[in-house]
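Written below as structure tokens is the structure these notes are about.
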Amino acid sequence: MQLLGHTFADLDLLDLALTHASAGDARNNERLEFLGDAALDLAVAAELYAVRPSLSEGEMTVIKSLVVSRETLGRVARELGLDQQARFGPGLAGRSLPASVFANLFEAVLGAVLLDAGFEAARRAALATLRVPIERAIAEHSSMNPKQRLQHLAQARWATLPAYELVESHGSAHAKAFLMRARIGESAFPTAWGRTRKEAERWAAFEALLVLEAAAESERDKSA
């Protein structure tokens with residue numbers, strides 16, 4: 001039987017990958033999901049590194065987070081019909097389930113591919129099924145403004161959102177200037193001026209991105 005473009009030699013692996021924990025079986029797909037998640041991260045990261053040499057570490061982090069998000073993987077799993085082939089318990093069967101359930105199903109099947117035929121087969125399966133989402137994520141990232149890019153980076157790396165604080169403002173009501181600073185957790189970044197608060201926030205986000213990308217570049221130099 002074939003799934004994710006891979007023909008399984010061991011059908012028991014595939015059956016296990018399609019068995020949700022709610023089915024009540026002694027064995028389910030949670031361990032395979034763990035393997036698939038790791039294989040997926042590596043496959044997408046390696047692809048971005050190979051085909052987009054102009055991307056910084058921060059940009060690759062953001063794009064990868066878009067590709068492997070629960071929403072993206074859940075949609076792909078349903079498009080591939082995995083939801084129709086999976087075995088759920090009576091409490092879930094026939095119900096409208098969240099994207100995370102189907103995303104986990106996709107990762108479990110990918111983990112089964114890894115055990116069935118090795119990482120190269122898993123890499124091919126991941127890229128074959130996620131080619132469109134990868135290209136879409138690259139295009140979406142290129143159209144993001146600095147605030148959106150910083151938000152995605154903060155969520156991908158630290159599972160939090162950046163905050164913006166007003167440092168000072170000058171001028172009259174009709175000719176004001178604002179000095180803003182971006183902050184992620186306890187880390188504060190260089191300030192930036194703008195004619196409006198929104199403009200100052202955009203420039204503050206840009207300053208934060210410069211700092212984060214410079215830090216990533218420094219880490220790469222140290223490890224080289």
Extension reserve of the residue 87-residue 187 stretch, reckoned as 0.36 nm per residue once the Cα distance is removed: 31.5 nm
The chain - percent of accessible surface contributed by carbon and sulfur, probe 1.4 Å: 52
Nonlocal amide H pairs with residue 18, under 5 Å, H built at 1.01 Å: none
Charge dipole (the chain, unit charges on Cβ, about Cα centre) - positive-most of 122, 203, 56: 203
Point-charge dipole on Cβ atoms (K/R +1, D/E -1) for segment 41-190, about Cα centre, debye to 20: 280
Lysine pairs with alpha-carbon atoms under 27 Å apart, the chain, spacing 8 or more or separate chains: 5
Where labels lie 7 Å past Cα in the beta-carbon direction, separation of residue 26 and residue 132 in nm: 4.2
Heavy atoms of residue 51 accessible to a 1.4 Å probe, total area in Å² rounded to 10: 60
Residues whose placed amide H lies under 5 Å from that of residue 167, excluding near-sequence neighbours: 179, 180, 181
Neighbourhood charge, 15 Å Cβ-Cβ cut-off, centred on residue 26 and excluding it, Lys, Arg +1 and Asp, Glu -1: -1
Per-residue ³J(HN,Hα) for segment 204-215, Karplus 6.51 cos²θ - 1.76 cosθ + 1.60, θ = phi - 60°, Hz, x for Gly and Pro: 5, 5, 4, 4, 5, 4, 4, 5, 5, 6, 5, 5
Backbone HN-Hα couplings from phi across segment 133-143 [Karplus 6.51/-1.76/1.60, Hz, Gly and Pro as x]: x, 5, 5, 5, 5, 5, 5, 5, 5, 5, 8
Note, ³J(HN,Hα) from phi for segment 34-50, Karplus 6.51, -1.76, 1.60, rounded to Hz, x at Gly and Pro: 4, 5, x, 4, 5, 5, 5, 4, 5, 4, 5, 4, 5, 5, 4, 4, 6
Charge-dipole axis of the chain as Lys and Arg at +1 and Asp and Glu at -1 on Cβ define it, positive-most pick from 152, 167, 66: 167
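The values are calculated or read from the model by the stated rules, or taken from the named source; none is laboratory data. Everything quoted here is computed from the prediction, not taken from an experiment. Virtual Cβ from ideal backbone geometry, glycine too; neighbours counted across all protein chains shown. In case anyone asks, the SASA skips ligands and DNA or RNA and just uses the protein heavy atoms, side chains included. Shrake-Rupley method; radii C 1.70, N 1.55, O 1.52, S 1.80 Å.
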